[in-house]
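Below you'll find the structure, written out as structure tokens, and then a few comments.
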Amino acid sequence: MKVNTIFSSNRQHWTRTPFLASRYRTWLTERGSLTARLQQNYPNFFVKPVSVSYAKPSAEETSLLHVPGNATAQIREVFLYGNGKPIVFAHSVLPRNSLQGEWRDLGRLGNKPLGATLFANPKVKRTPLTYKKLSAQHVLYQTATNGMKAKPAYLWARRSVFSLNCASIMVIEVFLPDLLSNQTLNEY
């Protein structure tokens, strides 16, 4: 099995507030299940896996997850679709030692949404959300916009760590422009 480093360890600057997020703000600050909210707004919602492989997480990811720097984790990248278009890109880091016990099946989700599993268990704890505007130089921006004809100047992202017992995983969600193109969205 080949192990790759998915992106460099340069420091990311994430904030506790999505400053100037305008129309993305309600999506970014959603504290409940993003999957459930997307399913409510998009009856034809589905998940399309892009990549699922074992790799070394970035130094920042290993630090947030409290795993050794040489550890490998399952890196799962998917697009969440609504109205036939990608509306969110999700990057999840699932350390090997977290894929045991109650979370043993997380490594085999396929096209099932991770959020549905996480929010179904009331014992799962979540860290506060942090936010970042991703520029074109960021690897997650590049992956999320691969195949887009018209690329935006930046993309909003949010991240948090979910924990259950002694296991933790990290989820980063990148919000794509087509999320805002649905005029019938239910605003909270």
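The values are calculated or read from the model by the stated rules, or taken from the named source; none is laboratory data. The structure presented is a predicted model; accordingly, all values stated were derived computationally and were not measured. So basically every Cβ, Gly included, is an ideal-geometry build from the backbone, and we count neighbours across all protein chains shown. SASA here: full protein model, heavy atoms, side chains in, ligands and nucleic acids out. Shrake-Rupley method; radii C 1.70, N 1.55, O 1.52, S 1.80 Å.
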- Task: Would you check if there is a residue in segment 132-140 being in contact (Cβ under 8 Å) with a residue 60 or more places away in the chain and hydroxyl-bearing (Ser, Thr, Tyr)?
- Result: no
- How many of the residues making up segment 81-90 are touching a Phe, Trp or Tyr at 6+ places or on another chain (Cβ under 8 Å) and open to solvent by 20 Å² or more (accessible area, probe 1.4 Å)? 3
- Task: Taking only segment 37-60 into account, find how many residues are open to solvent by less than 50 Å² (accessible area, probe 1.4 Å), aliphatic (A, V, I, L, M) and either in contact with a Gly (Cβ under 9 Å, 6 or more places away or on another chain) or not in a strand (DSSP E or B) (or both).
- Result: 3
- Note on the structure: Considering segment 68-90, residues that are among the β-branched types (Val, Ile, Thr) and assigned to a strand (DSSP E or B), and then whichever is nearest to residue 31 (Cα to Cα), we arrive at 88
- First in segment 14-40 and under 25 Å from residue 60 (Cα atoms) and touching a residue at least 24 places away in the same chain (Cβ under 8 Å), second anywhere and of a type in the set (Gly, Ala, Ser) and buried (at least 17 other Cβ atoms within 10 Å of the Cβ), Cβ under 8 Å, 6 or more apart: 28/21; 33/115; 34/115
- Working only within segment 63-83, note down all residues that are modelled with pLDDT under 95 and either small (Gly, Ala, Ser) or within 20 Å of residue 134 (Cα to Cα) (or both). 63, 64, 69, 71
- Task: Output the strands (runs of 3 or more DSSP E) that fall wholly within segment 91-185 and possess 2 or more residues being buried (at least 17 other Cβ atoms within 10 Å of the Cβ) and of a type in the set (A, V, I, L, M, F, W, C), or say none.
- Result: 154-164, 167-175
- Message: I need the full set of residues from segment 141-175 which are under 16 Å from residue 77 (Cβ atoms) and in contact with a Lys or Arg (Cβ under 9 Å, 6 or more places away or on another chain), in order please.
- Response: 141, 145, 155, 157, 158, 159, 170, 171, 172, 173, 174, 175
- State which residue pairs qualify: first residue closer than 24 Å to residue 58 by Cβ and inside segment 94-120, second residue modelled with pLDDT under 90 and not hydrophobic (A, V, I, L, M, F, W, C) in any location, beta carbons under 9 Å apart, and separation of 6 or more residues or different chains. none
- Boolean, residue 145 is of a type in the set (Ser, Thr, Tyr), at pLDDT 95 or above and closer than 23 Å to residue 44 by Cβ: yes
- Note on the structure: Only one of (1) of a type in the set (Gly, Ala, Ser); (2) part of a helix (DSSP H, G or I); (3) more than 19 Å from residue 138 (Cβ to Cβ); (4) open to solvent by 30 Å² or more (accessible area, probe 1.4 Å) does not apply to residue 63, and that is (3)
